[in-house]
Amino acid sequence: QALHAEVEARSAPPAPAGSEAVARDPIEVENVVKRFGKVEAVKGVSFRLKQGEIFGLLGPNGAGKSTIINILCGYLLPDEGDALIGGHSVRREPQAVKRLLGVVPQEIALYRDLNALENLDFFASLYGVPARERRARAEEVLHFAGLYERRKEPLKNFSGGMLRRLNFAVALMHRPRILLLDEPTVGVDPQSREHIFENIEKLAASGTTVLYTTHYMEEAERLCQRIAIMDEGRIIALGTLEQLLAMRDQTRAVYRPHGLQELFIQLTGKTLRDL
Ligand code: ADP
Ligand code: MG
């Protein structure tokens, strides 16, 4: 099958110069600025994700991570710049963007009076998943989330980790090829966290593109192929873990708690942990 795709690619006519039909990266963020009154939450941020990549946005509380996620999913409009999801502008084509994306918001968004199965069915209906397919997909994502046995229990019985896993499962019902995960492990037990990480890795291995925000540097190190370090609305460093570690001024390191921590201190004069 891979060979077939290659032959097809080679025999396809070349795209004319300046054509719109260039292959786009799944996520392209271009000079995005966002203000809330006098607060400039995002101050000209640009980055791109490759297909199947797990990309980390790492930064302390207030860095602007959720604002970027909210712009990418069409919940907020940028004041300047634009972002493209699968080549579609979040400004001009919000409906196309919504269909391509799965979003796991920072705040858990579930109906506490419904059970897991009912929540999945409800949110899938909002995403236009046909009724006849919803049950099978719900069972698939429940297995994936490790919640199949608990599917008919009221959410009142669910731990923080189980709610997080269900919140994640909701985002998978319409089978998005691009996932935005906003601090999906906050308040989660270590076992659920590892479960969530393994699921993210499986999805990425099957070609899903993942944007992952966190304020835990060890999560970014463990999970992400590339990391953008954010502070006060700006990306202050971007690269693979190896590239970021190589940016450290080894001679000036005062103490060495941790690789990325040290880089963050050198760039900002403060620790990630204390914020
Ligand atoms: P992070 O997700 O990295 O913690 P946010 O994107 O939530 O950061 O916030 C970035 C900055 O924008 C913070 O100073 C925050 O207080 C401010 N902010 C975020 N959302 C709003 C809003 N709806 N109204 C006013 N200020 C906001
Ligand atoms: Mg946030």
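The values are calculated or read from the model by the stated rules, or taken from the named source; none is laboratory data. Predicted, not measured: the structure shown is a model, and the values here were computed from it. Cβ atoms come from the backbone with ideal geometry, glycine included; neighbour counts cover every protein chain shown. Each accessible area value is taken on the protein alone, full model and side chains, heavy atoms only, with ligands, DNA and RNA left out. Shrake-Rupley method; radii C 1.70, N 1.55, O 1.52, S 1.80 Å.
Counting only protein chain heavy atoms and rolling a 1.4 Å probe, the accessible areas of His174, His143, His88 rank, largest first, as His143, His88, His174. Largest GNM mean-square fluctuation across Asp249, Asp182, Asp121, computed for the chain with C-alpha springs under 10 Å, falls on Asp249. The residue among Gly160, Gly87, Leu110 whose Cα reaches farthest toward the positive pole of the charge dipole of the range 84-164, with charges on the beta-carbon of Lys, Arg, Asp and Glu, is Gly87. A simple count of charges around Val90, restricted to other residues whose Cβ falls under 11 Å of its Cβ and scoring Lys, Arg +1 and Asp, Glu -1, yields -1.
Coordinate range of the alpha-carbon atoms in the range 53-96 per principal axis, descending: 31, 26, 16 Å.
When the Cα positions of Ala96, Gln261, Phe122 are compared along the charge dipole of the chain, Phe122 comes out farthest toward the positive end, with charges on each C-beta of Lys, Arg, Asp and Glu. Shape analysis of the range 134-275 yields a ratio of the Cα radius of gyration to the Kirkwood radius, Rg/Rh, of 1.05.
Sequence-ordered 3J(HN,Hα) estimates for the range 179-191 from the Karplus curve with 6.51, -1.76 and 1.60 and θ = phi - 60° stand at 10, 10, 10, 9, 6, x, 10, 5, x, 10, 5, x, 5 Hz, glycine and proline given as x. Oblate is the label for the range 60-125, because a/c, from the alpha-carbon gyration tensor with a ≥ b ≥ c as root eigenvalues, is 1.5 or above and a/b does not exceed b/c. Please give me the summed charge of the neighbours of Ile108: other residues whose Cβ is under 13 Å from its Cβ, Lys and Arg +1, Asp and Glu -1. Taking every Cβ under 13 Å from that of Ile108, the sum is 0.
Legend: residues Ser89, Ser125, sorted from most to least accessible area (1.4 Å probe; ligands, DNA and RNA excluded), read Ser125, Ser89.
Accessible area per residue for the chain is 51 Å², calculated with a 1.4 Å probe on protein heavy atoms, without ligands, DNA or RNA.
Using a probe of 1.4 Å on the protein chains alone, the accessible area found for Ile227 is around 0 Å². What FRET efficiency comes out for the pair Arg132/Asp249, r = Cβ-Cβ distance, R0 = 51 Å, nearest 0.05? Computed FRET efficiency for Arg132 and Asp249 comes out at 0.30. Its Cα gyration tensor gives the range 34-157 an equivalent ellipsoid. The semi-axes, each the square root of 5 times an eigenvalue, are 32, 18, 14 Å from largest down. Here the simple spin-label model places points 7 Å from the Cα toward Cβ, and for Ala205 and Val186 these points are separated by 3.0 nm. Each Lys and Arg Cβ is given +1 and each Asp and Glu Cβ -1; about its Cα centre, the range 121-275 then shows a dipole of about 440 debye. Each DSSP beta bridge with both residues in the chain is either parallel or antiparallel, and the antiparallel ones are about 55%. Is the chain best put as rounded, prolate or oblate by its Cα gyration tensor, with a ≥ b ≥ c the root eigenvalues, rounded for a/c under 1.5, and otherwise prolate when a/b is larger than b/c, oblate when not? Here the chain falls in the oblate category. Rounded, prolate or oblate: which fits the range 147-200, taking a ≥ b ≥ c as square roots of the Cα gyration tensor eigenvalues, rounded meaning a/c under 1.5, else prolate when a/b beats b/c? Cα axes put the range 147-200 in the oblate bin. Its DSSP H runs of at least 4 residues, each contributing -39,500 (n - 2.57), put the calculated 222 nm mean residue ellipticity of the chain at -11000 deg cm²/dmol, to the nearest 500. Of the residues Val39, Val104, ranked by 1.4 Å probe accessible area with the largest first, the sequence reads Val39, Val104. Taken one residue at a time, the phi angles of the range 204-210 give Karplus couplings (6.51, -1.76, 1.60, θ = phi - 60°) of 5, 5, 8, x, 6, 8, 10 Hz. Gly and Pro are set to x. Dipole magnitude for the range 65-146: computed about the Cα centre from +1 point charges on Lys and Arg Cβ and -1 point charges on Asp and Glu Cβ, it is near 180 debye.
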